[in-house]
Amino acid sequence: MVASSDSATPPLLEMKEIVKTFPGVKALSEVTLTLARGEVLALVGENGAGKSTLIKALGGAHLPDSGEILIDGKSVTLRSPQVSQREGIAIIFQEFNLAPKLSARENLFLGKEIVNRGFIDHRAERAQARELFGQLGMSIDPEARCENLTVAEQQTVEIARALASDARIIVMDEPTAALSQQEVDKLLSIIRRLRKEGISIIYVSHRLEEIYEIADRVTVLRDGETVGEAPVSEVSKSQLIEWMVGRPLEEEFPERQSNLGPVRLKVENLSRGSAVRGVNFELREGEVLGISGLVGSGRTEMVRLIFGADHLDQGNIIMDGKERRICEPRDAIRNGICLLTEDRKEQGLILIHSAQENFGLPNLQAFKKGFLIDGKAEAQAFETSRKNLKIKVSSGSQKAGQLSGGNQQKVVLAKWLQGKADIFIFDEPTRGIDVGAKYEIYLLINELVARGKSILLISSELPEVIGMSDRILVMKEGQVMGEIEDARTTSQEAVLALALSE
Amino acid sequence: MVVALLALCLLFSLLTLKRQPGIGPEAEAEMLGVVINLISENELALIVGAANTDSEALARNVHQMALDSSRESVRLIIGGPRDLRLALDAMAANGESLGGIVASGDVIKWRVIEQLPDNFPQFSGYELAVPSERLWPDFLKASNLLAIVERIVVIAIIAIGMTMVIITAGIDLSVGSLIALSAVLSATVVKKFGGVDAPAWSVGLGFLVGILSCGLIGLFAGSLVHRFKVAAFIVTLGIMMMARGMAFITTGGFSIDQVPNSFVWLAQGSILGIPNTILLLALIYGSAHVFMTHTRYGRYIYAVGGNAEAARLTGVPVGAVILLVYTISGLSAGLGGCLQASLVRAAAPNMANMYELYVIAAVVVGGTSLSGGSGRVFGTLIGAFIIAVIQNGMNLIGIQSYTQMFTLGGVIVLAVLLDKTRQSGGFRQLLAGK
C-alpha cells in the first residue's frame with residue numbers, strides 16, 4: 001500500500017517546504033507531506049498546529065508564501081478552489097458545504113447539473129445519485145432535503161459529490177467528530193472502499209484509535225512543522241502523542257482524591273415529552289457524576305432542563321434541600337448552576353465578540369459602579385482568569401471565534417467561574433479539543449471538585465467518563481437505565497451493557 | 001468613516017469656494033472703523049442689514065459696537081430695500097444729514113442705493129462702506145452648517161433607536177410613519193388647547209403624547225417580534241402602514257399649522273446661544289453612547305445580536321432586550337416627529353415619507369452590520385452627517401434633484417462596500433468571498 005518508496009512513479013501528491021504566514025503568525029513553516037495513490041494518510045496535530053491551514057492550502061483557499069505542491073510529479077499552483085477541484089482535490093470540512101433546503105440530489109449535482117435540452121434531467125440525476133450512494137453502501141433518498149438527513153448521511157452526500165467530480169484526493173477534516181459509533185464504523189468502511197478504488201484520503205482526526213484502524217501512514221504537525229511521519233504499524237500511541245505535544249504525556253486522566261460532601265442537587269421525576277422521561281438522581285458536593293449513554297439517549301436534553309434552557313413538563317429541582325423554580329437559564333445561573341454546552345460555537349460563545357466581552361457577559365452585575373460598568377475591573381478580572389486558566393489569547397480584545405477549541409472552552413469556563421457557580425454541567429467538554437488541552441480541562445475539573453464544586457459530566461467517550469467520574473448514570477431513550485456506584489473499577493463493557501439494555 | 005466625512009467636507013468646501021462679502025469680527029471691526037473715523041459725528045450713519053441673512057448679524061453687531069463706543073448718531077435698519085427707502089424718506093423730511101451707509105455685499109446691490117443720488121439730491125458727500133471681500137466657501141458658512149444640522153437632526157435622532165434595533169439583528173421600518181403620527185398627534189393636542197394661542201404647557205403635553213404613543217407602538221412591535229418570533233421586517237412593515245393610516249385618520253387627511261411659537265421653539269430655539277438641535281444631538285448621542293458601551297443593558301443588546309441563543313444560555317434576558325430596543329426606536333421616532341413638526345411649523349400626515357430608508361442608510365453607512373452584534377452609536381452620527389453633507393453639497397453646487405437621488409444611492413452602496421473592504425482586509429479578499 002505504501003508507494004512512496006517507489007522511485008519510478010512519483011507520488012500522487014507531494015507538498016514540499018510549504019510556508020504560509022498570516023499577519024503576526026507563522027501558520028506553516030516548512031511542512032512536507034507525501035500521499036501515494038490509494039493511500040489513507042492520517043494528519044494529526046494539536047489545535048493550532050497548522051492542519052486547517054494546510055487543508056485550506058490544498059483546497060485553494062490559501063496560497064502558500066513559498067514551497068511547492070506537486071501532483072503526479074508536476075508542479076501546480078492551487079490559486080482558487082476551482083483550480084484545486086480541477087486537479088482532483090476535494091475537501092470535506094467539519095461544517096458541511098451543503099444547502100440545507102435543497103435535496104440530496106440537488107446538492108450532489110450543484111454546479112454540474114445533468115442538462116438535457118436546457119432543462120435539468122431529474123431522472124438521470126436521480127439514477128446516478130442512487131448509484132453513487134449505493135457505491136458508498138448507503139441508501140439515501142435522493143429527494144430528501146439535506147436538513148432532514150442525519151450527519152452521517154450528509155457526510156455521505158459530500159463524499160458522493162467528491163466522487164461525482166472525479167476527485168482523486170479526498171481530504172476529510174475531523175469526519176467523525178459528530179458521529180455515533182455505528183456511524184463511525186460505517187464511515188470507515190466507506191473509506192476502505194474508496195481506497196480499494198485507488199482514491200487517496202487525507203484523514204484529519206484527534207481520535208487516535210480511528211487512525212490505527214484506518215490509516216496506512218501518519219504525518220504529525222506541530223507549530224506549523226512536520227515533526228514526524230511513519231507507517232502507523234510502526235509507531236506507538238505514546239510516540240504519536242509525544243510528537244503532537246512535544247513531550248511525553250504522563251497518563252490520560254489525572255489522579256484525584258474524592259472528598260464527597262452533602263447532597264447539593266436533587267432532581268425528581270424530570271420529564272419533557274419523549275426526550276426525557278422521569279429522571280431522578282442526586283449530586284453531592286465535590287462529586288463528579290458522569291452521564292453516559294449513546295447519542296440521542298436524552299443526556300443533553302436532560303441537563304438542559306436543569307439549566308432552564310428548555311421548559312420541563314414536570315419534575316422538581318431541589319438544591320440544598322429547597323425546591324427551586326427554574327424556567328430560564330437566568331434562574332439557574334442565579335441558583336449557581338451553569339452549563340458548558342456541547343456546541344461552543346453556536347451556544348457557548350458569541351464568536352464575533354471578544355474573549356473579554358464573552359467572559360464579562362454573565363458577570364456584568366459584579367463589575368458595576370453606580371449605573372455604569374467598570375471596564376477596568378472587568379479587564380482585571382479577565383486578566384486574572386486568563387493567568388489562572390492559562391488561556392492563550394493575544395489580548396482580551398481578540399475575537400472568541402479566532403481561538404482554538406481548547407481556549408474557547410477555557411473562556412466559557414472562565415466566565416462561569418467568575419460568577420461563583422456551584423454546580424457545573426459539562427456537556428462533551430473535550431469534543432474537538434486536542435490531547436494537551438484535554439488534559440488541562442481534566443485538571444480544571446479536578447480542581448473544581450477539590451474546591452467543593454459539583455459536576456455533571458456528559459461524554460460520549462467511555463474512557464473519559466470512566467476515568468473522570470465518581471459515579472456514572474447511564475441513560476437510554478430519555479430514561480436512566482442504571483447507575484454505576486464506583487466508576488473507577490468499572491469497565492467500558494459494563495457501561496455499554498447498561499446503555500444497550502432493554 | 002470620519003475620514004470620508006472630512007474628505008466630503010473638504011471637497012464641497014473647495015467646490016463652493018468663492019469671493020464673499022466679509023462677515024465676522026474682522027469685517028465688523030473694519031466697519032466700526034469706517035463709522036468712527038470717516039463719518040462725522042454730526043451726520044447720521046445708517047447701518048443696514050438684510051433680514052435673516054449674514055448681513056443682519058453684521059449690522060446688529062456693528063450698531064451695538066458703535067453705541068458702545070459712545071457714538072450716538074447711528075441708526076440700525078434691518079429689513080428689505082423698502083425699509084431703507086422709508087428711513088431715507090423720513091430723514092429727508094426731518095432735514096437730517098446723511099453721513100454714510102454701512103452695509104454688507106448683498107445690500108449694496110439694492111437699487112435704492114444705486115439710485116440714491118438721483119432720488120435724494122439733498123444728500124451728498126456721504127460714505128458708502130462695505131467690508132472687504134474674502135475668499136470663503138459657501139459650504140463652510142455658519143448659516144449653511146446650521147442648515148445641515150437642521151436637515152439631519154430628525155434622521156440622526158431616530159437613527160439611534162435604529163442602531164440599537166439593527167445591532168440586535170432586527171429592523172424597524174415603521175419609523176418614517178411614526179414621525180408623521182407623532183407630529184400629527186402633538187399638533188392635534190396643541191390645537192385642542194387653542195392652536196396659535198395654546199399655552200406652553202399644552203405644547204409640552206402634545207410632545208409627550210406624540211413621543212409616548214410612538215414608544216407604545218414600538219413596545220407592541222417588539223413584543224410581536226419576541227413573543228411570536230415574527231420576522232421584524234414584516235411586523236414593522238405592517239406597523240408602518242398602520243401608523244401612516246392612523247396619522248391620516250387623526251387629522252382627516254389635512255395638515256395642522258395652527259401652532260404657537262412655543263411649539264417652534266423645540267427645533268428653532270436656542271439656549272445660551274447654542275441652537276436646540278445641536279444641544280439635543282449632543283445630549284442624546286452622548287447618553288446613547290454611554291448606555292451602549294458602559295451599561296449592562298447596552299452590552300446585552302450587542303450580545304443578543306451577536307448570538308441570541310448563546311446570550312440566553314449565558315443568562316441574558318433576551319426578551320426584555322428586544323422589547324427595550326423597539327421601544328427606544330419608537331420613542332426616538334416620536335421625538336423625531338415632534339422635532340420635524342417644530343422645524344416646519346406644521347404637522348402633516350404625509351410628512352417624512354421614506355425617512356425609514358434614510359435612517360437605515362445612516363446606520364449602515366455608519367458601519368453597523370445588518371447581521372447584528374456590532375456597530376457604534378457615533379458611527380451612526382457620522383453616517384447621518386455623511387448623507388446630509390452629500391445632499392447639502394450637491395444643492396450648493398446646483399445639481400438637479402433627480403441626479404442627487406441617483407448619486408446619494410450610489411454613495412450609500414459605495415460606503416458600505418468600502419467598509420466591507422476595510423473589514424476583510426482588501427478588495428481582492430472581498431472578491432474572493434472571505
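Read-outs: derived from the displayed coordinates by stated rules, not from any lab. The structure presented is a predicted model; accordingly, all values stated were derived computationally and were not measured. No Cβ is skipped: glycine too gets one built from the backbone with ideal geometry, and neighbour counts run over all protein chains shown.
If you take all other residues with their beta carbon under 13 Å from the beta carbon of B:Phe12, and give Lys and Arg +1 and Asp and Glu -1, the sum is +1. Could you tell me the center-to-center distance, by alpha carbons, between the stretch B:82-116 and the stretch B:383-410 in angstrom? Centre-to-centre distance over Cα atoms comes out at 40 Å. With neighbour counts taken as other beta-carbon atoms within 10 Å, the residues B:Thr421, A:Thr489 rank, fewest first, as A:Thr489, B:Thr421. Enclosing the Cα atoms of the stretch B:140-398 in their convex hull gives a volume equal to 124 cubic angstrom per residue.
Let me know the Kirkwood hydrodynamic radius for the protein assembly as shown, please, with Cα pairs as the basis and the value in Å to one decimal. So the Kirkwood estimate lands at 33.6 Å. Which links in A:Lys392/A:Lys415; A:Lys345/B:Lys229; A:Lys51/A:Lys345; A:Lys376/A:Lys453 stretch past 21 Å when you go from one Cα to the other? Check vs 21 Å cut-off fails for A:Lys345/B:Lys229; A:Lys376/A:Lys453. Would you give the gap between the C-alpha center of the stretch A:350-393 and the C-alpha center of the stretch B:135-174, rounded to a whole Å? Measuring centre to centre over Cα atoms gives 34 Å. Which percent, to the nearest 5, of DSSP beta bridges fully inside the stretch A:295-424 are antiparallel? Antiparallel bridges: around 75 percent, rounded to the nearest 5.
Taking all Cα-Cα distances within the stretch A:129-242, those exceeding 19 Å account for 49%. In the stretch A:356-502, inverting the average of 1/r over every pair of distinct C-alpha atoms gives 17.1 Å as the Kirkwood radius. Across all C-alpha atoms in chain A, the radius of gyration and Dmax reach 24.5, 77 Å. Compared with the dominant principal axis of the Cα atoms in chain A, helix A:405-418 is inclined by about 10°. Net charge of the neighbourhood of B:Ala308, taken over other residues with C-beta under 13 Å away and scored Lys/Arg +1, Asp/Glu -1, is 0. Working note: Cα atoms of the stretch B:22-132, range along each principal axis, descending, whole Å: 34, 27, 19. Remark: mean inter-chain Cβ contacts per residue of A:369-380 equal 2, using a 10 Å Cβ-Cβ cutoff to other protein chain atoms. Normalised by 2.2 N^0.38 Å, with N the number of residues, the alpha-carbon radius of gyration of chain B equals 1.21. If you take all other residues with their beta carbon under 14 Å from the beta carbon of B:Val290, and give Lys and Arg +1 and Asp and Glu -1, the sum is +4.
Dividing the mean sequence gap of close Cα pairs (under 8 Å, 6+ apart) by how many residues chain A holds gives a relative contact order of 15 percent. Sorting A:379-389, B:371-381, B:404-414 by average packing, meaning the other beta carbons within 10 Å per residue, from highest down gives B:371-381, A:379-389, B:404-414.
Going from the fewest other Cβ atoms within 10 Å to the most, the residues A:His206, A:His353 appear in the order A:His206, A:His353.
Extension gain for A:Gln402-A:Lys376 works out to 7.0 nm (0.36 nm per residue, less the C-alpha to C-alpha distance). Shielding by partners for peptide B:301-310, expressed as the average number of C-beta atoms from other protein chains within 10 Å of each residue's C-beta, is 6. With kT/(6 pi eta Rh) evaluated at 10 °C and eta = 1.306 mPa s, and Rh the Kirkwood radius from Cα pairs, the stretch B:123-273 diffuses with a coefficient of 86 µm²/s according to Stokes-Einstein. Ordering B:Cys214, A:Cys146, A:Cys338, A:Cys327 by the number of other Cβ atoms within 10 Å of each residue's own Cβ, fewest first, gives A:Cys327, A:Cys146, A:Cys338, B:Cys214. So which aspartates and glutamates can A:Lys387 reach, going by Cα to Cα under 18 Å and dropping same-chain residues fewer than 8 places off? Output for A:Lys387: A:Glu357, A:Glu378, A:Glu440, A:Glu447. From the Kirkwood radius over Cα pairs of the stretch A:273-361, Stokes-Einstein at 20 °C and 1.002 mPa s returns a whole-number translational diffusion coefficient of 145 µm²/s. Bridges between two residues of the protein assembly as shown, per DSSP, are antiparallel at a rate of about 50%. Run the reach check for B:Lys420 against lysines, Cα to Cα strictly under 22 Å, same-chain hits fewer than 8 apart removed. What comes back? Reachable lysines: A:Lys399, B:Lys434.
The lysines whose alpha-carbon is closer than 23 Å to the alpha-carbon of A:Lys196, local same-chain residues fewer than 8 away aside, are A:Lys186. Here the mean projected area of the convex hull built on the C-alpha positions of the stretch B:74-116 is 3.0 nm².
Rounded to the nearest 5, the antiparallel percentage of DSSP beta bridges internal to the stretch A:410-502 is 50%. Put simply, when B:91-100, B:218-227 are sorted by average Cβ atoms within 10 angstrom per residue, most first, you get B:218-227, B:91-100. I'm a student and want to see the number: the projected area of the Cα convex hull of the stretch A:348-420, averaged over all directions, in nm². Seen from a random direction, the Cα hull of the stretch A:348-420 projects 4.4 nm² on average. Any idea how far the Cα center of the stretch B:181-213 sits from the one of the stretch A:292-330, in Å? So the two Cα centres are separated by 53 Å. Loop-located GluC sites (Glu not before Pro) in the stretch A:82-133 (DSSP state not H, G, I, E or B) with no more than 10 neighbouring Cβ atoms inside 10 Å: A:Glu95. Taking N as the residue count of the stretch B:1-82, its C-alpha radius of gyration divided by 2.2 N^0.38 Å amounts to 1.47.
For the peptide A:411-421, the mean number of other protein chain Cβ atoms found within 10 angstrom of a residue's Cβ is 1.
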